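Rule-based calculations on the coordinates, nothing more; no lab input. Bear in mind that the values here come from a model prediction, so they are computed numbers and not experimental data. Positions of Cβ are backbone-derived with ideal geometry, glycine not excepted, and every protein chain shown enters the neighbour counts.
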Amino acid sequence: MAPTHLNFITGNAKKLAEVRAILSATPVELRSQNLDLPELQGTIEEISRDKCGRAADIVKGPVLVEDTCLCFDAFDELPGPYVKWFLKALGVQQFHKLLAGFEDKSAQAVCTFAYCEGPGKDVLIFQGRTQGKIVEARGPTDFGWDACFEYEGQTYAEMRGEEKNQISHRGKALEKLKDWLKQEAA
């Protein structure tokens, strides 16, 4: 049975706005909660499952958590789930310099949503990936690494919201979630 509401665990207003826009056509009410959850070290999926289980225990109800990664092909998918620490240390204006010594500037933006019905329940994973490349920052620099991730000639930051939501890693993952919600509602 499809949930009637989801507690989306985020303190990021821009991320919340994107998720609300993409899920706007679903009958699910999206609520937001900001929880400070410890992040396990491990694979993208392990981290997402752990965060989701912890959030479900705290909220005592249905939760949706999201983990966004940036995987450099030259680094065998690192920094991956640890990208926010690299970005925090370097800033988006310097971020592209990580690949300065490499010919291969390709990268994958990866978004993993994890859903859990409540404490002790199974965690479901919905993942989307978008192939692009790392470039010097272009466009607004106020949303993570959007200004230095280029897809088909434009950085995420240079794109209109609707355009980005159609091709982005987050949009792809949420399409999978929407398909699951439709199946559960039937």
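A straight Cα-to-Cα reach below 16 Å connects Lys182 with the lysines Lys172, residues fewer than 8 places away in its own chain not being considered. Computed over the chain with a Gaussian network model linking Cα atoms closer than 10 Å, the most mobile of Tyr82, Tyr156, Tyr115 is Tyr82.
Taking the chain as a Gaussian network of alpha-carbon nodes connected by springs under 10 Å, the highest mean-square fluctuation of the residues Thr112, Thr68, Thr141 belongs to Thr141. Counting only residues at least eight positions apart within a chain, or on another chain, the aspartates and glutamates with an alpha carbon under 14 Å from that of Lys51 are Asp36, Glu39, Glu66, Asp67, Glu117, Asp122. Between Leu23, Leu70, Leu37, the Gaussian network model of the chain with springs among Cα atoms under 10 angstrom shows the greatest mean-square fluctuation at Leu37.
Taking every alpha-carbon pair under 8 Å whose residues sit at least 6 apart, the range 108-179 reaches a relative contact order of 33 percent. Over 31 Å apart at the Cα level, from the set Lys60/Lys133; Lys15/Lys133; Lys60/Lys164; Lys14/Lys133, are Lys60/Lys133; Lys60/Lys164.
Under the convention that each Lys and Arg Cβ holds +1 and each Asp and Glu Cβ holds -1, the size of the dipole of the chain around its Cα centre is about 440 debye. Take the chain and mark each of the GluC sites (Glu not before Pro) that is in a DSSP loop with at most 13 other Cβ atoms within 10 Å; the longest unmarked stretch, sites excluded, is 1-102. Each Cα pair under 8 Å and six or more residues apart adds its separation to the average, and for the range 36-186 the resulting relative contact order is 21 percent.
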